[in-house]
1. From the residues in the range 1-12 that are out of contact with any strand residue (DSSP E or B) (no Cβ under 7 Å at 6 or more places or on another chain) and in a loop (DSSP other than H, G, I, E, B), which one is surrounded by the most Cβ atoms within 10 Å (Cβ to Cβ)?
2. Would you mention how many residues in the range 28-60 are surrounded by 10 or more Cβ atoms within 10 Å (Cβ to Cβ), within 18 Å of Y14 (Cβ to Cβ) and among the polar types (S, T, N, Q)?
3. Six or more apart or on different chains, Cβ under 6 Å: which pairs go from a residue in the range 47-63 that's assigned by TED's automatic domain parsing to the domain that holds K28 and among the aromatic types (F, W, Y) to one that's in a strand (DSSP E or B) and surrounded by 10 or more Cβ atoms within 10 Å (Cβ to Cβ)? Could you list them?
4. Please verify whether N63 is within 15 Å of the chain's Cα centre (by Cα), surrounded by fewer than 16 Cβ atoms within 10 Å (Cβ to Cβ) and over 16 Å from K9 (Cα atoms), treating the condition exactly as stated.
5. Checking the conditions here, which among L121, L194 is loosely packed, with under 14 Cβ neighbours inside 10 Å, on the phi < 0 side of the Ramachandran plot, at pLDDT below 90 and not in a loop (DSSP other than H, G, I, E, B)?
6. Report the residue count in the range 30-60 for those that are over 21 Å from the mean Cα position of the chain (by Cα) and part of a strand (DSSP E or B).
7. Under 6 Å between Cβ atoms, which residue pairs at least 6 apart in sequence (or on different chains) link something in the range 152-164 that is in the same structural domain as I138 (by TED's automatic domain parsing) with a partner that is polar (S, T, N, Q)?
Amino acid sequence: MDLENEIWKDIEGYEGKYRVSNLGRVKKFYKDKRSKRELILKLFMSTTGYYKVSPSKNGISKNFKLHRLIAMAFIPNPENKKTINHKNGIKTDNRIENLEWATHGENHRHAYRTGLKKPYLLGLGKLGKDSPVSKTIIQFDKNMNPIAEYGSSLEIERITNINASNIRKACSGRNNGLYLDYIWKHKQNSLCPL
């Protein structure tokens, strides 16, 4: 890290209290009766793989993705785009030259091109158990005896005329899986030998 060429700018809404640098660091300014101090804040990793930081104001902390703070401070956004794209697809590489403003569509297309997202369209047109996004569902009686197995909730609807949305809700645990006097469970959650 080239600290000699580090540039600091105020974080919007936290002026004078928090600053972000072009190297991806965030610092907080403390003032007390005797002196002014600075503290480099510790970053943490979000569940989606981005660095985050939590500045506070009036006792309320708010989480921000680091790349958003850097882009807001250092990268012009004349088209008022809403998202920030990591050009090389590496979520932790927050160098200014790796960040760019993007629309949601541009960001999604880039994610598919770089392999960050896998298109589910490979199964488009395939129904029931042949679709890669479908979950197998087992129908039980009230005593948990298996009655039938279906490739998806839509397959149940086509065959039985039972509403697919209500089946999915039952499989998610609503009313302990009970709907229309049957118990419905996703196969991987059912411990059933079917």
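1. Applying the first criterion (out of contact with any strand residue (DSSP E or B) (no Cβ under 7 Å at 6 or more places or on another chain)) to the range 1-12 yields 1-5, 12.
Subset that is in a loop (DSSP other than H, G, I, E, B): 1-2, 12.
On the way: M1: 9, D2: 7, E12: 11.
Here the answer is E12.
2. So the answer is 2.
3. Matching pairs, first to second residue: Y50/K65.
4. Judged against the criteria, N63 is a match.
5. None of the other options fit; the residue is L121.
6. Total satisfying the criteria: 10.
7. S152/S134; A164/S153
The values are calculated or read from the model by the stated rules, or taken from the named source; none is laboratory data. Worth saying up front: this structure is predicted, and the values here are computed from it rather than measured. Neighbour counts run over all protein chains shown; Cβ positions are idealised from the backbone, glycine included.
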